[in-house]
1. Conditions first: (1) of a type outside the set (Val, Ile, Thr); (2) modelled with pLDDT under 90; (3) surrounded by 15 or more Cβ atoms within 10 Å (Cβ to Cβ); (4) within 14 Å of residue 156 (Cβ to Cβ). Residue 64 passes all but one, so which condition is the exception?
2. Of the residues that sit in the stretch 75-99 and are of a type outside the set (Gly, Ala, Ser) and touching a Phe, Trp or Tyr at 6+ places or on another chain (Cβ under 7 Å), which one is surrounded by the most Cβ atoms within 10 Å (Cβ to Cβ)?
3. Given the structure, is residue 56 of a type outside the set (S, T, N, Q), surrounded by fewer than 19 Cβ atoms within 10 Å (Cβ to Cβ) and closer than 24 Å to residue 139 by Cβ?
4. Could you please find all residues in the stretch 84-93 being without any contact (Cβ under 8 Å) to a residue 40 or more places away in the chain and either touching a Pro at 6+ places or on another chain (Cβ under 7 Å) or among the hydrophobic types (A, V, I, L, M, F, W, C) (or both)?
5. Can you find a residue that is closer than 24 Å to residue 148 by Cβ and assigned to a helix (DSSP H, G or I) anywhere in the stretch 56-69?
6. Any idea which of (1) hydrophobic (A, V, I, L, M, F, W, C); (2) in a strand (DSSP E or B); (3) within 25 Å of residue 45 (Cβ to Cβ) is the one residue 115 doesn't satisfy?
7. Quick check on the stretch 98-108: of everything there that is farther than 21 Å from residue 51 by Cβ and part of a loop (DSSP other than H, G, I, E, B), which residue is modelled with the highest pLDDT?
8. For residues that are assigned to a loop (DSSP other than H, G, I, E, B) and not basic (Lys, Arg), tally how many sit in the stretch 23-49.
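The values are calculated or read from the model by the stated rules, or taken from the named source; none is laboratory data. These numbers were taken from a predicted model, which means no experiment stands behind them. Reconstructed Cβ throughout: ideal geometry from the backbone, glycine too, with neighbour counts over all protein chains shown.
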Amino acid sequence: MFLETGQEKIHVVDENNLPLAIMASEQVHLQGLRHRGFLLLLTDAQGRLLLRRLSKSHPLYPGRWDIVGSGHILAMEAAEEAAERHLPPVAADLTGNLRHARTLTEGAGTGNEIVEVFCAGLSSQAARLLLQDLSFMAVDPDELGALATSYPDQLSPTLLTVWNARLHRPDTSS
């Protein structure tokens, strides 16, 4: 759902994640209001986390590595639908098959976001197709740890949240 100006409309929520109002996301952030978001974590057959490099024109974190999908849950959509919007086209077969792994009460960036975390494993073919694009890479937990500790300035705050909350390890994210 978007405003006439093209800004997305999202719910402002209380501490129990109950909707209070619908506002433009820019205003929600400017006023520091609690709202809803999602993270989409995709892994390959070896359990490595897929990352994507943000474009050089990204408004906040140009050129940094990030998870495959994150963002706001729009006012009239379910959390899983929001995550599915960010599935790469080669992973369209995952629609309806994302696993809800966890709810975070503080998101990256504003810290005032209730974040639903979804996970899915890519088929070998889908992972191979994505990794042919140099704007994607797959990292195991040790590699992500090395990046997070040695090069945090090259990672988005969202990816650092994934690292700090140990969401990159499927067996500990529940």
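1. Going through (1) of a type outside the set (Val, Ile, Thr); (2) modelled with pLDDT under 90; (3) surrounded by 15 or more Cβ atoms within 10 Å (Cβ to Cβ); (4) within 14 Å of residue 156 (Cβ to Cβ) one by one, residue 64 breaks only (2).
2. 98
3. In short, yes.
4. Residue satisfying the conditions is 92 alone.
5. There is no residue in the stretch 56-69 that is closer than 24 Å to residue 148 by Cβ and assigned to a helix (DSSP H, G or I).
6. So residue 115 meets the others, but not (3).
7. Taking the candidates together, the pick is 105.
8. Matching residues across the stretch 23-49 total 7.
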